[in-house]
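Student: Structure provided below as structure tokens; questions to follow.
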Amino acid sequence: MRKQILVVDDEKQIRDILELTFKDAGFFVRCAGSGEEAIELFKNEDYVIVFLDVKLPGLSGFDICSEMKRLKPQAYIVAMTGYTDLFNQNKCMESGFDYYFPKPFKFNLLMQLARDALEKIEWWKKV
């Protein structure tokens, strides 16, 4: 399996940092700055892991996650947000997110999460 990650955030600095971090760890990374762009990339390439900002202009991260799960239920989608209240956590679960990751990031935890997601996906393919 190709280790492909899609990073979706409207802040270019965050996209750039995550892209460099994951590439240095051997992942193939593409970035999107909007929900519309993210859905197009997701439809046309085989991303198995998505790191998705919840608060985006236009389509919300919740709507994007729901659409991505409809298209590829096996995808592992991680919510990234600076809003850590109970409402957002519940909304993330309802939308289909597999994990909830608060900003600011701890990069070692992000990397571990990506590796764990790959292991889960591999396990499901074997079953």
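Student: Determine the sum of side-chain charges near PHE97: Lys and Arg each +1, Asp and Glu each -1, restricted to other residues whose C-beta is under 13 angstrom from that of PHE97.
Tutor: Values: positive: LYS69, LYS91; negative: ASP53, ASP63, GLU67, GLU94, ASP98.
Computed value for this residue: -3.
Student: Each label point is 7 Å from the Cα along the Cα-to-Cβ direction; what then is the distance between the points at LYS12 and LYS55, in nm?
Tutor: For LYS12 paired with LYS55, the spin-label model returns 2.1 nm.
Student: Assuming R0 = 30 Å, what is the FRET efficiency of ASN44 and ASN90, from their Cβ-Cβ distance, to the nearest 0.05?
Tutor: Values: r = 31 Å, r/R0 = 1.05.
E(calc), rounded to 0.05, equals 0.45.
Student: Moving on. Order of GLU36, GLU67 from fewest to most other C-beta atoms within 10 Å? List each step's numbers first, then the result.
Tutor: Details: GLU36 13, GLU67 18.
Ranking GLU36, GLU67 by Cβ neighbours within 10 Å, fewest first, gives GLU36, GLU67.
Student: Taking the alpha-carbon distance from LYS126 and a cut-off under 18 Å, which lysines remain once sequence neighbours fewer than 8 residues away in the same chain are dropped?
Tutor: Candidates past the 8-residue exclusion: LYS3, LYS72.
Student: Return CYS65, CYS31 ranked ascending by Cβ neighbour count within 10 Å, so the fewest neighbours appear first. Please report the intermediate quantities before stating the final value.
Tutor: Values: CYS65 27, CYS31 20.
Least crowded to most crowded, the residues run CYS31, CYS65.
Student: Same structure, new question: With only alpha-carbon atoms counted, please give the Rg and Dmax of the chain, in Å.
Tutor: 13.3, 39
Student: Do the sum for the chain: with -39,500 (n - 2.57) for every DSSP H run of n ≥ 4, divided by all residues, what is the mean residue ellipticity at 222 nm, to the nearest 500 deg cm²/dmol?
Tutor: Numbers: 5 runs with 64 residues, N = 127.
Using -39500 (n - 2.57) per qualifying helix, the result is -16000 deg cm²/dmol.
Laboratory data are not the source of any read-out in this text; all were calculated from the coordinates shown. Here the structure is a predicted model, which means the values were calculated and not measured. Please note: Cβ atoms are built from the backbone with ideal geometry, for glycine as well, and neighbour counts cover all protein chains shown.
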